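Peer 1: Let me begin by handing over the structure; questions about it come next.
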């Protein structure tokens, strides 16, 4: 009986959204938070996850392409983010929560050069401490 | 030419949405057809009451414990079976026809056909177990009642990406009705192998003005995340 109760609680069923899959591989620690300034080199507006790829420079000045993962196109659209909200070549600042040691992160926010903010809904990968 | 006209009429009859009848509270209430046709956007739990999670049997709880995330069929765009398909955060479209109801889901582009009783539809064969099962419906008291059986086994039996498995004995009953611009659902899932008690799930949707967004699942993208999960089990040697 105890096992059953524990499992039911662990499921955390709240009747709202579920991620496409677990995203526990993204760190929620402050030290793994990243803010990257660079140029959009690819924008995949799709399901199950949209991605934005941003080319920036690493600490040695070498180019590195960051991949930020986000919610499906249907959910982005609800937040007013459309396929044409981002264009390859745009200069952006992107914030997110990385996989430690990898140029991959869960997307928190995109800020375009003109100050426009693109803010996907929070997900299970978004740390509680982070505010846009 | 005669055949073409006849065929066109037959198609039109099949595709015409069933007109709502105004005598829903009369003696004909048992077969009154509510107008459920439309695109529906998530609103909240039925009557504002939070849903409770399914309660697994010990064997289902054991399955959940043992399940390794890389096995998640979702990683390869395999559609989540109902009711997980419904309780995830997506919208859907209902189209009522004379002999069937079609539900098209934004999530994973799933299309369900609910075969209305009394139209001589074929029943599933002994081996016909599928991802979304076989759905039969009827109008009852101004509601659409749908009963679905013949589900193939799936680890996502009752919730999207949660591991209380749905066995081939799973049964899912839905009751849909409309109150103004609100679509309501009361559903119950049973599964003698996986659930200790019936799993009730109720929800409401409101009219959505714009079209559904195609899901168009990308398998490469879908499987990408699996590589970062550490297996619960030691590597094979």
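Peer 1: Please report the equivalent ellipsoid semi-axes of the stretch B:16-225, computed as sqrt(5 x eigenvalue) of the Cα gyration tensor, largest first, in whole Å.
Peer 2: Value: 29, 19, 17 Å, ordered largest first.
Peer 1: Can you sort B:229, B:134, B:121 from fewest to most other Cβ atoms within 10 Å of each residue's own Cβ?
Peer 2: B:121, B:229, B:134
Peer 1: Under the definition of Cα pairs under 8 Å and six or more residues apart, what whole-number percent is the relative contact order of the stretch B:154-237?
Peer 2: The value is 18 percent.
Peer 1: Defining a contact as two alpha carbons under 8 Å apart and six or more residues distant in sequence, what relative contact order in percent does chain B show?
Peer 2: About 26 percent, as a whole number.
Peer 1: What ranking do A:79, A:95 get, fewest neighbouring Cβ atoms within 10 angstrom at the top?
Peer 2: Going from sparsest to densest Cβ surroundings: A:79, A:95.
Peer 1: Using label points projected 7 Å from each Cα along Cα→Cβ, tell me how many nm separate residue A:122 and residue A:42, to one decimal.
Peer 2: With each label point 7 Å from Cα toward Cβ, the separation is 3.1 nm.
Peer 1: Got the relative contact order for the stretch A:19-118 handy, in percent, Cα pairs under 8 Å and 6 or more residues apart?
Peer 2: Reported as a whole number, the value is 30 percent.
Peer 1: Let me ask another. Would you kindly give the portion of the calculated P(r) for the stretch A:19-118 that falls above 16 Å, as a percent of all Cα pairs?
Peer 2: 54
Peer 1: Cut-off is 10 Å between beta-carbons; in what order do B:116, A:119 appear when sorted fewest neighbours first?
Peer 2: A:119, B:116
Peer 1: Of the beta bridges DSSP finds with both residues in the stretch B:16-225, what % are antiparallel, to the nearest 5?
Peer 2: 90
Peer 1: Show that you can apply the helix-only estimate: for chain B, add -39,500 (n - 2.57) for every DSSP H stretch of four or more residues, divide by all residues, and state [θ] at 222 nm to the nearest 500.
Peer 2: -4000 deg cm²/dmol
Peer 1: Next question. What is the percent of Cα-Cα separations in the protein assembly as shown that go past 41 Å?
Peer 2: Cα-Cα pairs in the protein assembly as shown separated by more than 41 Å: 21 percent.
Peer 1: Another question about this same structure. Taking the Cα atoms only, what angle lies between the long axis of helix B:2-15 and the longest principal axis of chain B, rounded to 10 degrees?
Peer 2: 60
Peer 1: Quick check: residue separation of residue B:49 and residue B:181 times 0.36 nm, minus the Cα distance between them. What number comes out in nm?
Peer 2: 45.6 nm
Peer 1: Considering the zone a paramagnetic label at residue B:236 would reach in this model (a point 7 Å from Cα along the Cα-to-Cβ line), which residues of the stretch B:58-96 have amide N under 17 Å from it?
Peer 2: Hits in the stretch B:58-96 for residue B:236 at 17 Å: B:68-72.
The numbers here are math on the coordinates, done by the rules we state, and not lab data. Note that the coordinates shown come from a computational prediction; the quantities given were computed from them, not determined experimentally. Glycine gets a Cβ as well: all are built from the backbone with ideal geometry, and neighbour counts include every protein chain shown.
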